[in-house]
Each structure stands twice: as C-alpha cells, then as structure tokens.
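Everything on this sheet refers to the single structure shown next.
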Amino acid sequence: MAAVTAAVGGDFSDGDVTPGAVTDCVRWQEYVCRLRVTAPPVDDPSWDRTRLLDYHSEFVTLKTPSMERAKAELRVTLLVNNRQSSTARRGLIVSGPPGAGKSTTLMELGRSFELSERRRRPGLEGSMPVLFASVPPTYTPRNLAKVLARFAGIPVHDRMTEHTITNAVCHVLYERGTRLVFIDDVHLLNTRTRPGADTSDQVKTLMERVPATFVLAGVNVEDSPLLTGPRGAQLAARCKLLRTPPLLNGTPEQKKTWRTLLRDMEGALRLARHRPGTLLRHAAYIHLRTGGVMASLSLLVREAAIRSILDGSLAITKKQLSQVLLDVQATNAARATLRQRPGSSPARRKAPGLPPRAPFPSPTGR
C-alpha cells in the first residue's frame, strides 16, 4: 500500500472564511458592496502562500457571450416594463445545462443593476432595488413566500398564512422600490403535482402584483414541466427564454471566443513561474476535459493553480491539469467525446485526467 503524505502540514483546514449563500438583503448588500479591484502584479511582495490560495480559490468572474446577451436583453426588458400599467409584464427565463453559469449570470445582472440604481438615485435610503431567491426544495406557495420574506427582512411566524405572508412581501417590495426579482432553480417546480402547480401560480401572482421585472433561472427549463399545460402556457407567453449553452470549440469564431476566455483566465493568474500562453496551447485539451461548461472550467483552472501553490511549482502545466479530477458530468462527457472520434482505439480513448472506471467490489470483498 502506498504511503499517504499530507499536502499542507497534515491538516485539512479550508481557511477562516467561507462565504455563505445569499439568502437575505444583508448578505446581498455585502456581495454588491464588495469592491472589485485588479489584483497586484505577480511580483508584488505582498503575495504569500495564504494570500495566493485565497485569491485562486475565489479567483475572478469572467464575462461570457451568454452573460452579455442576458444583460442586453434585461436592459431592453426593463425599458419595456418601465411604464407598463397592465398586469402581464414581460419577464426573462435563463436556461441551460448544469454548471453553465446561470446563477452566476443572475448574480452579475443583479449586482450591475443595483450599482447603476445607486449611481442614478444616490439619496434613496432603505431602498431594495433587487430581490434574489431560490425555489426551496420542499416548495409550496407558502414556503416560496417565506423565502422572499426572509430576503426582505420580514419577520414570519408559524401562525402566518400564505395569504398574509404574500401580502406582506408585495407591500414591502412596493414600498422599498424593488424593480428586479430573481428566482433561481425554477426547474424544480413540477406543475404536474399539486404543490408544483400551486407554487407556479404563486410566481405568476407575484409577477402581476409586484411592479418589477422577474428573471427566472433553472436547468433546461424549456424541457421541464414548468412551461407545459395551461399554467405553463401562461408563463411561457410572458417570458423570453435565454439559453446559456456551453462554449463550443469547432468553428473559427467559436475557437476565438474560447481562446479569448482562456487568455483572460490566464491573465488573472498570479503564479510566479507560470509560462504565459500555456492555457492557449492546451485549449483543445481543456475543452475536451470541461466540455466548455463554465463551472468545470473554473474548477479545472483554480484547482490546478492551487495544486501548483501547494507543491511549490507556481506554474500550471498540462501535468497539473491532468491531475485535477473533475465533476462526473464533465468526465462522462469527455469519455463520450473520445468514443465518438473516428478511428479512435481503446488506448486513445483514455485522455490524461480521466480516471479509470473503478469496478464494483465483489460481495466477498475481493
């Protein structure tokens, strides 16, 4: 049996600060107000190992074509809804596969909008331009209203009915000037069930009662029950669908977009011995490993950077990239891509970084 060696002094500490999910307006304000400044150059003496690990753990948020399209569509939709007096305001649905950057897109849209509102109306104390929430796993109309109330800072006790909580939410959002409401994970709403149908109706009711633009997001929403049947048709008639697909690497234009993203990521690295252009040289390999999915790409680059800090090499190489074990979705997709390549032999189907399929243990443990 091989010896097990510790990478960092034998402990498994992940540091002192772990950012929590944005579930209330206080944490949202902390997220919005946090300054984003360019990191010091790689030769700055302030970089020590702890700071390097923290920086590459958080890293940077990069703009993608999908994010830019969503921002442009939201800007137009806000103008369309600005003076609309009827109940059927226009909304947006951001849809895509897992890990494609839907939630990040929502967070960035909300942050950009709130900062622009503060610049435009600096004297408004106590306003809440943006509300951000996710569909709870045990969804009911009352539970969704409780999630919105928690973000807005509305106290909720057990005796309050769904109707009472909803009225309080609508009143506070109106009084505090909320103009954007983001609801994530709407793919969880199965309108073929009673709780899902009722919660979907709750979303439509809120869209009618709150004078704000609603942006929904979920995994492949167009294929989910949310937009099917009479209830789904009503929601589909009010919302535009924006896809956030993985980035492709086939046509010259797609290759250019992919390489631009890798170039921006490489420019954000702060590794003293990293060779510029390494990620671009391995652009095809990185796309094979990640499938162009933003979450997988972020994990690959951040973990490779952190591994190089831990082993002291301070440079990302193909060997570092190949040592990163990615998520199941990316690993299976890479295997499928290799199998589909014409003339591929079993030996060539094993790309660096793809773990071997582990056999299930026999009942006897042999």
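Given Arg263, Arg302, Arg259, which one is in contact with a Phe, Trp or Tyr (Cβ under 6 Å, 6 or more places away or on another chain), at pLDDT 95 or above and within 18 Å of Thr64 (Cβ to Cβ)? Before the answer, list the steps.
Numbers: Arg263 fails: in contact with a Phe, Trp or Tyr (Cβ under 6 Å, 6 or more places away or on another chain); Arg259 fails: in contact with a Phe, Trp or Tyr (Cβ under 6 Å, 6 or more places away or on another chain).
Answer to the selection: Arg302.
Looking at Glu114, Glu108, which one is touching a strand residue (DSSP E or B) at 6+ places or on another chain (Cβ under 6 Å), modelled with pLDDT under 95 and in a helix (DSSP H, G or I)?
Working: Glu108 fails: touching a strand residue (DSSP E or B) at 6+ places or on another chain (Cβ under 6 Å).
When all the criteria are applied, what remains is Glu114.
When the residues of region 140-155 are filtered to those that are in contact (Cβ under 8 Å) with a residue 12 or more places away in the chain and in a loop (DSSP other than H, G, I, E, B), which remaining residue is least open to solvent (accessible area, probe 1.4 Å)?
Filtering region 140-155 for residues that are in contact (Cβ under 8 Å) with a residue 12 or more places away in the chain and in a loop (DSSP other than H, G, I, E, B), the one least open to solvent (accessible area, probe 1.4 Å) comes out as Ile154.
Quickly run through region 284-298 and pick out the residues that are part of a helix (DSSP H, G or I), over 22 Å from Val42 (Cβ atoms), within 23 Å of the chain's Cα centre (by Cα) and not polar (S, T, N, Q).
Of all residues in region 284-298, those part of a helix (DSSP H, G or I) come to 284-290, 294-298.
Now drop any that are not over 22 Å from Val42 (Cβ atoms), which leaves 284-285, 287-290, 294-296.
Those left that are additionally within 23 Å of the chain's Cα centre (by Cα): 287-290, 294-296.
Scanning region 284-298 gives His287, Leu288, Arg289, Met294, Ala295.
Answer yes or no as to whether Val219 is within 26 Å of the chain's Cα centre (by Cα), open to solvent by less than 10 Å² (accessible area, probe 1.4 Å) and β-branched (Val, Ile, Thr). Steps first, answer last, please.
Numbers: within 26 Å of the chain's Cα centre (by Cα): yes; open to solvent by less than 10 Å² (accessible area, probe 1.4 Å): no; β-branched (Val, Ile, Thr): yes.
Spelling it out, it is not the case that Val219 is within 26 Å of the chain's Cα centre (by Cα), open to solvent by less than 10 Å² (accessible area, probe 1.4 Å) and β-branched (Val, Ile, Thr).
What number of residues within region 190-206 are small (Gly, Ala, Ser) and either more than 25 Å from the chain's Cα centre (by Cα) or open to solvent by 50 Å² or more (accessible area, probe 1.4 Å) (or both)? Break it down stepwise before answering.
Kept after step one, since they are small (Gly, Ala, Ser), are these residues of region 190-206: 196-197, 200.
Next, only the ones that are either more than 25 Å from the chain's Cα centre (by Cα) or open to solvent by 50 Å² or more (accessible area, probe 1.4 Å) (or both) stay: 197.
Result for region 190-206: 1.
Tell me which residues, restricted to region 304-331, are open to solvent by 70 Å² or more (accessible area, probe 1.4 Å) and in a helix (DSSP H, G or I).
Of region 304-331, the ones open to solvent by 70 Å² or more (accessible area, probe 1.4 Å) are 307, 311, 318-319, 323, 325, 328-329.
Matches in region 304-331: Arg307, Asp311, Lys318, Lys319, Val328, Gln329.
Need at least 2 residues that are out of contact with any Pro (no Cβ under 7 Å at 6 or more places or on another chain) and within 16 Å of Val135 (Cα to Cα) per element, so show me which strands (runs of 3 or more DSSP E) inside region 156-247 make the cut, counting only ones lying wholly within it. Write out each step before concluding.
Numbers: elements: 180-184, 213-219, 239-243.
Result: 180-184, 213-219.
Take the residues in region 222-245 that are surrounded by 15 or more Cβ atoms within 10 Å (Cβ to Cβ) and small (Gly, Ala, Ser); name whichever of them is farthest from Arg194 (Cα to Cα).
Result: Ala236.
Could you grab the pairs with beta carbons closer than 9 Å, sequence gap of 6+ or different chains, first residue in region 59-71 and within 19 Å of Thr213 (Cα to Cα) and polar (S, T, N, Q), second one modelled with pLDDT of 95 or more and in a helix (DSSP H, G or I)?
none
Pairs needed: first member in region 199-213, closer than 13 Å to Leu144 by Cα and touching a residue at least 60 places away in the same chain (Cβ under 8 Å); second member anywhere, surrounded by fewer than 22 Cβ atoms within 10 Å (Cβ to Cβ) and hydroxyl-bearing (Ser, Thr, Tyr); C-beta distance under 7 Å; at least 6 residues apart or different chains.
Qualifying pairs under 7 Å: Thr199/Thr140.
The values are calculated or read from the model by the stated rules, or taken from the named source; none is laboratory data. Small disclaimer: the values here were computed from a predicted structure and weren't measured. We place every Cβ from the backbone using ideal geometry, glycine too, and count neighbours over all the protein chains shown. To get the accessible areas, we keep the full protein, side chains included, count just its heavy atoms, and leave off ligands, DNA and RNA. Shrake-Rupley method; radii C 1.70, N 1.55, O 1.52, S 1.80 Å.
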